[in-house]
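Heads up, the thing below is written out as structure tokens.
The values are calculated or read from the model by the stated rules, or taken from the named source; none is laboratory data. Since the model is a prediction, treat every value here as computed from it, not as a measurement. Here Cβ is always computed from backbone atoms with ideal geometry, including for glycine, and neighbour counts include all displayed protein chains. Side chains are part of the model used for accessible areas, which takes the heavy atoms of the whole protein and leaves out ligands, DNA and RNA. Shrake-Rupley method; radii C 1.70, N 1.55, O 1.52, S 1.80 Å.
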Amino acid sequence: MKKMMYFDPDDVRAADKLAVEEYGIPSLTLMENAGRNAADEIIKAYPYCEKILILAGNGNNGGDGFVAARHILLAGKTVFIITSSGTDKYKGDAQHNLKLLLCADYPKLTIKTSESLSDDEISELADNSDLITDAVLGTGTSGAPRKEAGRLINLCRNRGPVVSLDIPSGINPRTGLVYSPCMKADMTVTFLAPKTGMLFSPAREMCGRIVVGDIGIKTDSVLGSKNYVTGYDKTDLPSILPAIESNIHKGKRGAVMIFGGSWNYRGAPVLAALGALRSGAGLVVLAVPDYIADSASTIIPEAVFVPLKTIDGCISPDYFKDAISEWIPKCKSVVFGPGIGRNPTMKQITAWFWKNCANPMLFDADALYFIADMHNDLEKRQDVVITPHSGEAAAILKITPDEVNWERLLSCRALTKKTGAAVLKGRDTIITASDGMSRVATEGSPALAVPGSGDVLSGSIGAFLASGLSVFDAATAGVIAHAAAGSKLGEKHGLRGTLARDIADELPFILKQ
């Protein structure tokens with residue numbers, strides 16, 4: 001089944017304009033198609049609902065509601081419309097469709113303005129209706145619902161089944177932010193294409209089941225082929241992961257080098273190695289400070305250890321190349337950064353790997369600290385993926401963490417200026433390719449918010465890189481497997497007490513095909 005594609009609301013509005021100006025489809029026809037299809041979806045989903053309350057805002061979303069009302073009336077239902085503005089305040093296509101209702105003789109239709117009704121009267125109407133249709137605010141609005149629109153939403157939400165037209169009123173259709181008040185829909189009939197914000201929490205939880213209503217134009221003809229985002233979960237893993245042949249041996253599974261560790265962060269590369277091995281790597285080579293190698297080998301004997309000469313506890317930039325030279329050609333990917341710390345000598349080593357290591361690479365943890373510092377001087381590498389959280393992303397993009405979180409999708413896309421793919425970790429982790437294609441993990445759990453969780457993720461992605469997947473697919477597979485492992489652990493043990501090694505140990509069960 002084709003995956004649902006979510007588009008920026010600005011792009012959808014531009015597509016509407018293109019349909020009118022380039023393809024000659026009258027805007028009234030588009031609204032008629034939208035409202036008629038919304039009515040069809042409502043009647044199909046709720047055939048036994050006889051009394052329909054429609055809340056109509058004063059823009060085109062309200063116009064869609066007026067068209068839907070007409071077709072619901074033609075199906076023999078009773079319709080009560082509450083407008084958020086006086087009927088003389090509507091303009092354009094919305095005004096035209098309101099006049100069609102006002103001028104016709106529909107015995108089962110009542111239209112009132114919200115200003116003419118008390119709070120108790122509106123609440124009573126909502127309680128006595130079988131279904132509420134939310135046509136208050138569309139994608140052209142911004143900020144929290146105000147005045148009569150906000151009053152209608154506040155009084156009618158949580159009062160029975162709700163179907164929202166295009167978007168639930170009160171969400172940000174681009175970012176997924178939820179304002180107060182906000183309508184929580186059981187079903188959203190969105191037009192032309194779902195909007196990006198509908199894929200992100202908390203807005204995703206406000207949308208209910210999403211249905212795309214036909215407005216008479218093909219999405220492909222008016223919207224770009226790549227500037228969209230899709231949701232992924234563990235059911236998508238089989239379509240991404242390479243098949244495992246019956247005669248496979250460890251060499252074909254791919255070898256991963258993990259370069260990391262420092263005096264204070266001795267466990268980080270070990271956890272990355274666990275993530276790689278549990279994700280199916282055929283070999284893991286741990287290049288770590290010499291004082292870590294002996295003790296770590298007793299914890300993870302399945303790995304090969306390359307001790308790196310240290311000076312004053314720090315990896316020496318003068319000797320590491322000789323130490324890894326034998327193993328780099330044998331490895332199909334490199335994970336660089338878990339636990340490396342911020343000693344200034346590591347900046348030189350980070351730069352060397354970026355410029356000289358030809359293997360597909362993942363940079364994480366404090367490697368991102370150094371990348372942020374020298375970002376403008378780095379050459380673009382299509383075979384590199386970076387995996388920052390919002391603070392690390394902010395440092396790379398030279399903005400604040402709040403700005404990253406306000407525009408997570410745009411921020412993640414900006415992170416691919418120098419890389420083939422980027423992962424912006426956090427709730428609804430985003431994976432973006434350098435061509436703009438984006439995916440969102442639609443599962444996960446607060447159980448993942450533990451020390452070392454990101455190291456396990458890095459190792460997992462490293463294993464998928466070593467298996468031959470592209471940086472985009474490898475990052476997607478690692479993120480989804482990691483998120484699904486967190487969801488499963490949350491279900492089994494609750495949200496407290498998970499260890500990073502538990503996440504790694506859960507991965508084989510998630511990846512079972």
- Query: How high is the relative contact order of region 377-513, given as a whole-number percent (alpha carbon pairs under 8 Å, six or more residues apart)?
  - Reply: 22 percent
- So for region 390-497, using the alpha carbon gyration tensor with a ≥ b ≥ c as root eigenvalues (a/c under 1.5 gives rounded; past that, a/b versus b/c decides prolate or oblate), I'd call it oblate
- trypsin sites (Lys or Arg not before Pro) lying in DSSP loop within region 422-513, provided at most 10 other Cβ fall within 10 Å: 496, 512
- aspartates and glutamates with Cα under 19 Å of residue 417, excluding same-chain neighbours fewer than 8 positions away: 364, 373, 377, 379, 383, 392, 403, 407, 435, 473
- Query: What accessible area per residue, rounded to a whole number of Å², is obtained for region 122-192 using a probe radius of 1.4 Å?
  - Reply: 34 Å²
- Item | Qualifying GluC sites (Glu not before Pro) in region 15-77, DSSP loop, other Cβ atoms within 10 Å at most 15 | 22, 50
- Item | Between 0 and 90°, nearest 10: helix 27-45 axis offset from the chain longest Cα axis | 80 degrees
- Query: Amide H to amide H, which residues 5 or more places from residue 175 or on other chains are under 5 Å from it, using H placed in the peptide plane?
  - Reply: 197
- Task: Specify the angular offset, from 0 to 90 degrees and rounded to the nearest 10, of the alpha carbon long axis of helix 345-356 from the longest principal axis of the alpha carbons in the chain.
- Result: 80 degrees
- Note on the structure: Which of 3/108; 77/184; 2/184; 234/355 exceed 28 Å between C-alpha atoms? The answer is 3/108; 234/355
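How would 8, 120, 402 rank on accessible area, largest to smallest, probe 1.4 Å? Mind showing how you got there, number by number?
Working: 8 30, 120 120, 402 90 Å².
Listed by decreasing accessible area, they come as 120, 402, 8.
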- Item | Label-point separation in nm, residue 243 to residue 403, each point 7 Å along Cα→Cβ | 4.9 nm
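Per residue, what accessible area does region 303-421 have, given a 1.4 Å probe and all protein chains present, in Å²? Don't skip to the end; give the middle numbers.
Values: 5210 Å² over 119 residues.
Ligands and nucleic acids excluded, the result is 44 Å² per residue.
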- Extension gain residue 110-residue 214, at 0.36 nm per residue separation less the Cα-Cα distance, in nm? 34.7 nm
- Message: I'd like the distance between the alpha-carbon centres of region 451-513 and region 368-427, rounded to an integer number of Å.
- Response: 21 Å
- Task: Heavy atoms only, probe 1.4 Å: what % of the accessible area of the chain goes to carbon and sulfur, would you let me know?
- Result: 51 percent
- Message: What do you get for the angle between helix 92-103 and the principal long axis of the chain? Use alpha-carbon atoms, 0 to 90 degrees, nearest ten.
- Response: 40 degrees
- Which distance in nm do the two modelled labels at residue 377 and residue 299 give, with both placed 7 Å along the Cα-to-Cβ direction? 3.3 nm
